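The values are calculated or read from the model by the stated rules, or taken from the named source; none is laboratory data. Here the structure is a predicted model, which is why all the values come from computation and not from measurement. Here the Cβ is made from the backbone with ideal geometry for all residues, glycine too, and neighbour counts use every protein chain on show. We work out accessible area using only protein heavy atoms, side chains counted, and drop any ligands, DNA or RNA first. Shrake-Rupley method; radii C 1.70, N 1.55, O 1.52, S 1.80 Å.
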Amino acid sequence: MTLRVLLADDQAMVRTGFRLILEREPGVEVVAEAENGEQAVTLAQQLRPDVTLMDIRMPVVDGLTATRTLAGPDVADPLRVLVVTTFDLDELVHEALCAGACGFLLKDAGPGLLVEAVHAAANGEALVSPSITTRLLAHFTASPLRRHTRRADPPLSRRELEVTTAVARGRTNAEIAAELTISLSTVKTHLASIQRKITARNRTEIAVWAWETGIVTVRDGA
């Protein structure tokens, strides 16, 4: 099946570069481009792409607002939005993750990681560039941007806590399975249970929750 991508960035050169990289990848199609957040929302709602690459700082409507509109907690049928930024420690990125983005990517990450990030987002593997993700979450969960803590009810089991910690450290499902010596299907079962217990919609929200509740700290988060 073709993986359909929408590009939203106010810089034409960035959009062109992303398009050239992605369309060299078999099975990936860039279905549209938007130069501001308002266009991004309109096109995404019309076309329902598998992944939207969303810049944060755009005119008319900023990328954070556009992300919340497409993937926020109140959206009944959220789209997968992958935030793209120039800054690896930008409070707006943290806000975007909390607003429903499935992950983020640095603009200078390189072609390989761009392709990997798009496929990861499409497959629900939300955390991209794990070392940057964990550093970002560690930096901002102690900031005024921190949300109110959500506790699991019922509590997570020991194995679910291990899976949650691994997700917060940026591990993929395959890496979690290898580390915990369990099958991929078991990992997915645990993830579904964790999401239900903590009211998270994807693995990025699991990671944010783990940092914000103190399950993962700077000392063990890398």
Out of the residues in the stretch 78-93 meeting the condition of being closer than 18 Å to Glu116 by Cβ and in a loop (DSSP other than H, G, I, E, B), tell me which one is modelled with the highest pLDDT. Arg80
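Okay, residues lined up against (1) open to solvent by less than 20 Å² (accessible area, probe 1.4 Å); (2) touching a helix residue (DSSP H, G or I) at 6+ places or on another chain (Cβ under 8 Å); (3) modelled with pLDDT under 90; (4) not hydrophobic (A, V, I, L, M, F, W, C):
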position	(1), (2), (3), (4)
Arg150	no, yes, yes, yes
Leu180	no, yes, no, no
Ser183	no, yes, no, yes
Thr189	no, no, no, yes
Ile198	yes, yes, no, no
Trp211	yes, yes, yes, no
Val218	no, yes, yes, no
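To keep it simple, each residue is scored yes or no on (1) modelled with pLDDT under 95; (2) assigned to a loop (DSSP other than H, G, I, E, B); (3) among the small types (Gly, Ala, Ser); (4) open to solvent by less than 20 Å² (accessible area, probe 1.4 Å).
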site	(1), (2), (3), (4)
Val5	no, no, no, yes
Ala32	no, no, yes, yes
Gln39	no, no, no, no
Leu53	no, no, no, yes
Ala76	yes, yes, yes, no
Glu95	yes, no, no, no
Ala101	yes, yes, yes, yes
Selection from the stretch 52-83 of residues that are in contact with a Leu (Cβ under 6 Å, 6 or more places away or on another chain) and either under 17 Å from Asn123 (Cβ atoms) or without any contact (Cβ under 8 Å) to a residue 12 or more places away in the chain (or both): Thr52, Leu53, Ala71, Leu79, Val81, Leu82
